[in-house]
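Contents: one structure, followed by commentary.
Throughout, read-outs are computed from the coordinates displayed, never taken from laboratory work. Note that the coordinates shown come from a computational prediction; the quantities given were computed from them, not determined experimentally. Reconstructed Cβ throughout: ideal geometry from the backbone, glycine too, with neighbour counts over all protein chains shown.
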Amino acid sequence: MSRMSDIIATCKTIEHQLRKYRLWANLVPRSSWFVSLYRLLPRREWDIIRKAAYAHYGHKCAICGMSDTTLSGHEDWEYDYDHSTQRLVGVLALCHLCHMCNHLGLANIQAGEGKLDYSELVAHWCQVNSADEEEFTSHSDYAFKLWELRNEFEWQLVGPSKEPISQDTTADDVLGGLWKQ
Ligand SMILES: [Zn+2]
């Protein structure tokens with residue numbers, strides 16, 4: 001097997017393991033950090049998208065169901081390793097802790113700066129997944145391993161209907177494809 005097909009196979013195996021958790025760190029590859037919808041689109045368009053997500057999920061966290069909390073719009077991406085395509089498959093309304101579990105690299109940084117109580121995050125992850133801290137640590141190790149491997153690809157970002165994402169993407173483009181409105 002070539003090096004790249006080796007990497008693709010490993011990515012699929014790790015992701016399959018991580019997907020058994022309801023809440024897991026689906027880490028965005030480095031090259032895609034600055035081309036998210038949040039970064040790319042005019043603020044007005046992103047606000048329409050995230051507010052539509054809050055309404056879609058009944059103003060509750062899409063993962064743990066928490067209500068009466070500040071929600072964030074979270075871009076849910078799916079990675080097609082065979083075609084190096086990173087496709088937007090959802091915009092989730094997430095509570096702060098579920099959101100930080102998804103952005104575990106940022107969570108580590110914020111915990112180091114005293115801005116986030118990491119033990120609270122771990123406890124939340126364990127509760128949502130009915131799992132223990134040992135499993136959290138193992139999940140975290142695999143998530144960062146997967147992130148390193150995802151960094152080996154040149155990702156093409158596409159919308160729900162596989163249209164390329166650019167600054168000209170509108171909230172209508174995204175929402176129409178996501179929830180078939
Ligand atoms: Zn939550």
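At a threshold of 8 angstrom on Cα-Cα distance, excluding pairs fewer than six apart, so keeping six or more, what relative contact order does the stretch 3-153 reach in percent?
On the way: 175 pairs, mean separation 45.5, N = 151.
Here the relative contact order equals 30 percent.
Within the stretch 20-115, report the trypsin sites (Lys or Arg not before Pro) that DSSP leaves as loop and that have at most 13 other Cβ atoms within 10 Å. Please report the intermediate quantities before stating the final value.
Numbers: sites: LYS20, ARG22, ARG30, ARG39, ARG43, ARG44, ARG50, LYS51, LYS60, ARG87, LYS115; in loops: LYS20, ARG22, LYS60, LYS115.
Of the trypsin sites (Lys or Arg not before Pro), the ones in loops of the stretch 20-115 whose Cβ has at most 13 other Cβ atoms within 10 Å are LYS20, ARG22, LYS115.
With r defined as the distance between the Cβ atoms of ASP132 and ASP168 and R0 fixed at 45 Å, what FRET efficiency is calculated, to the nearest 0.05? Working shown, then result.
Working: r = 47 Å, r/R0 = 1.04.
Efficiency computed from Cβ-Cβ geometry: 0.45.
What's the percent breakdown of Cα-Cα distances in the stretch 23-181 across 10 Å bins, shortest bin first?
10, 36, 38, 15, 0
Mind jotting down the distance between the C-alpha centroids of the stretch 1-52 and the stretch 118-181, whole Å?
Here the two parts' Cα centres lie 4 Å apart.
Are there trypsin sites (Lys or Arg not before Pro) in the stretch 128-181 that DSSP marks as loop and that have at most 11 other Cβ atoms within 10 Å, and which are they?
Working: sites: LYS145, ARG150, LYS162, LYS180; in loops: LYS162, LYS180.
Passing both the DSSP loop test and the Cβ count: LYS180.
Just from its helices, what would the mean residue ellipticity at 222 nm be for the chain, if runs of 4 or more DSSP H residues each count -39500 (n - 2.57) and the sum is divided by every residue, rounded to the nearest 500 deg cm²/dmol?
On the way: 8 runs with 89 residues, N = 181.
Value at 222 nm, helices only: -15000 deg cm²/dmol.
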